[in-house]
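Report on the following structure.
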Amino acid sequence: MQNTRKISQDLYWVGGSDRRIALFENAYPVPRGVSYNSYLLLDEKTVLFDTTDHAVSRQLFENVAAVLNGRALDYLVIHHMEPDHCSAIEDLLLRYPTLQLVCTAKAAAMIGQFFELGDLSARTVVVNEGDTLSTGHHALTFVTAPMVHWPEVMLTYDTTDKILFSADAFGSFGAMNGNLFADEVDYAAEWLEDSRRYYTNIVGKYGVQVQAALKKAAGLEIKMICPLHGLLWRENIGWLLEKYNAWSTYTPEEKGVVIAYGSIYGNTENAANILAGMLAERGVRNIHMYDVSATHPSYILSDAFRFSHVVFASITYNSGIFTNMENLLHDIAAHNLQNRTIAFLQNGSWAATSAKQMAAVLEKLKNMTVLEPLPTLKSSVKPAQVEEIAALADAIVASM
Ligand code: FEO
């Protein structure tokens, strides 16, 4: 049975949500599930904007058929060829024999990479930056957005209704709970954390490209944003753009200290707790602690994008960095974090070298300030280390 919603005069949400999924991209925990948004425009021509993941494609087909109510599907606009959005292309081409695909040249090439559909050139309208497609009452303008999040990505701006179909941009983890619009929920309390974790982990590396897309969007009058995941925006869009501006310029949203520690028997954890307590005594209120063995790195990376300071505390393990800490550091380096004040704390029962190696993983990141001193434990915290930790707490507070 269809599960659709009319979201403007001629536009319907026809997507679906998956709450059975454990790991988005087989990498990121999504305890609140994820939605795959698809939109259907009923004009003189009918236009579907993107498909969905296989997980909800049956719902998509029922939704599209119900909204079309016997009409043909004329166009499928493909903004992004990642399989969480393109999985139903083949089925739709079979179900709707006159369907034309509308996409960038790069996306057209990717269709051939992902599918065995033969020569689709007669069924494909390749569009470039600024091209417009008239569907009758509506005029759709295409805006390229390479690397947000893949190179073939484009956005569509409906110049008639001032709606931006934003692909992965402005998306979020989290399944739909009936409400489709951000203004229908307490977004800051219920969705922002997943929205930030989605952005930073999925698109966070491509801040320069996101900035380029935001500059293009700034020239448009936008009444509604329709992303491929998560809630739609029709109010308070400026607030969302401010968040994206901070994330894509690697600007901390807030002053605060993230303490990520890797500890086996609890001694490095003890040092991290002592540091946190000393920061609190010195008036710091925004302190967020994570055991890297207990918390998935996507959450810690997201907080590293959110806050101004990050402390990495790790034992020395097999002469290297504790494995889970090493994963986190490589993840942060791969996502291009910048403009942070960081500090290290190390432990080693015979040769403490983890701090030097942690610093090496992050050394290519831009505009990172490394605070001194470097508290160094030999197995456990002793009075000398308490002094070093206190000095580091002073340095963190002085830099905030
Ligand atoms: Fe939601 Fe990059 O795909």
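What to note about this one:
- Test: residue in the range 44-65 that is out of contact with any Phe, Trp or Tyr (no Cβ under 7 Å at 6 or more places or on another chain), within 13 Å of the ligand (Cβ to nearest atom), assigned by TED's automatic domain parsing to the domain that holds ASP194 and in a strand (DSSP E or B): no
- If only residues of the range 126-168 that are in contact with a His (Cβ under 8 Å, 6 or more places away or on another chain), over 23 Å from ASP10 (Cβ atoms) and modelled with pLDDT of 95 or more are counted, the one that is surrounded by the fewest Cβ atoms within 10 Å (Cβ to Cβ) is TRP150.
- SER308, sole failed condition from (1) crowded, with 17+ Cβ neighbours inside 10 Å; (2) more than 30 Å from the chain's Cα centre (by Cα): (2)
- Meets criteria (over 24 Å from the mean Cα position of the chain (by Cα), in a strand (DSSP E or B) and surrounded by fewer than 18 Cβ atoms within 10 Å (Cβ to Cβ)) for THR98: no
- Every residue from the range 101-122 that is within 15 Å of the ligand (Cβ to nearest atom), touching a residue at least 40 places away in the same chain (Cβ under 8 Å) and surrounded by fewer than 19 Cβ atoms within 10 Å (Cβ to Cβ): LYS106
- Any hit, the range 12-29, residues being among the β-branched types (Val, Ile, Thr), within 16 Å of the ligand (Cβ to nearest atom) and assigned to a helix (DSSP H, G or I): no
- Of all residues in the range 197-219, those that are basic (Lys, Arg) and within 16 Å of the ligand (Cβ to nearest atom) total 2.
- Test for ASN339: is it modelled with pLDDT of 95 or more and at positive phi: yes
- Scanning the range 166-183 for residues that are over 18 Å from PRO83 (Cα atoms) and either of a type in the set (Phe, Trp, Tyr) or free of Cβ contacts under 8 Å to residues at least 24 places away in the same chain (or both) yields PHE170, ASN177, GLY178, PHE181.
- Number of the exception - TRP150 against (1) farther than 20 Å from LEU42 by Cα; (2) touching a residue at least 12 places away in the same chain (Cβ under 8 Å); (3) more than 14 Å from the ligand (Cβ to nearest atom): (3)
- Scope the range 220-239; condition buried (at least 19 other Cβ atoms within 10 Å of the Cβ), away from the ligand (no atom under 16 Å from the Cβ) and either within 17 Å of the chain's Cα centre (by Cα) or within 27 Å of TYR299 (Cβ to Cβ) (or both); matching residues: TRP233
- Taking the range 71-95 as the range and being within 15 Å of the ligand (Cβ to nearest atom), charged (D, E, K, R) and in a helix (DSSP H, G or I) as the test, only ASP84 passes.
- Here GLU372 meets each of (1) assigned to a loop (DSSP other than H, G, I, E, B); (2) surrounded by 14 or more Cβ atoms within 10 Å (Cβ to Cβ) with one exception, condition (2).
- Members of the range 153-179 found to be hydrophobic (A, V, I, L, M, F, W, C), farther than 29 Å from ALA72 by Cα and either more than 19 Å from the chain's Cα centre (by Cα) or within 11 Å of the ligand (Cβ to nearest atom) (or both), listed by number: ALA169, PHE173
The values are calculated or read from the model by the stated rules, or taken from the named source; none is laboratory data. These numbers were taken from a predicted model, which means no experiment stands behind them. In this analysis, Cβ positions are derived from the backbone assuming ideal geometry, glycine residues included, and neighbour counts consider all displayed protein chains.
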